[in-house]
Amino acid sequence: MKTIHEDLKRSISTSQIITHFKKRGVELSKSDAERYLNLLYFLAKQVVKQNFISSQNGTSGESEKLEPYIKLKNQNKQL
């Protein structure tokens, strides 16, 4: 498996991505599948940084911006 960092292994392979796209009628080369995976893992890493790590460090982040929506969602669950 390819790694992003030494401690993080990818759980999705390029062959799984190719198969997934092929089922939906899209042909991907192995290099395109690798680029797609790189993008997915990069975006996932950015989401974690912006929404979880920044809020733990006490800096303002997206999680603070989402707080009113989370409160509203919780209120709707109680109804």
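The values are calculated or read from the model by the stated rules, or taken from the named source; none is laboratory data. This one's a predicted model, so the numbers in the text were calculated from it and none came from an experiment. FYI the Cβ positions are ideal-geometry reconstructions off the backbone, even for glycines, and counts take in every protein chain you see.
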Could you check how many residues of the stretch 6-17 are surrounded by fewer than 10 Cβ atoms within 10 Å (Cβ to Cβ) and modelled with pLDDT of 50 or more?
-> 2
Might you let me know whether the stretch 38-56 holds any residue that is within 19 Å of the chain's Cα centre (by Cα), at pLDDT 70 or above and among the charged types (D, E, K, R)?
-> yes
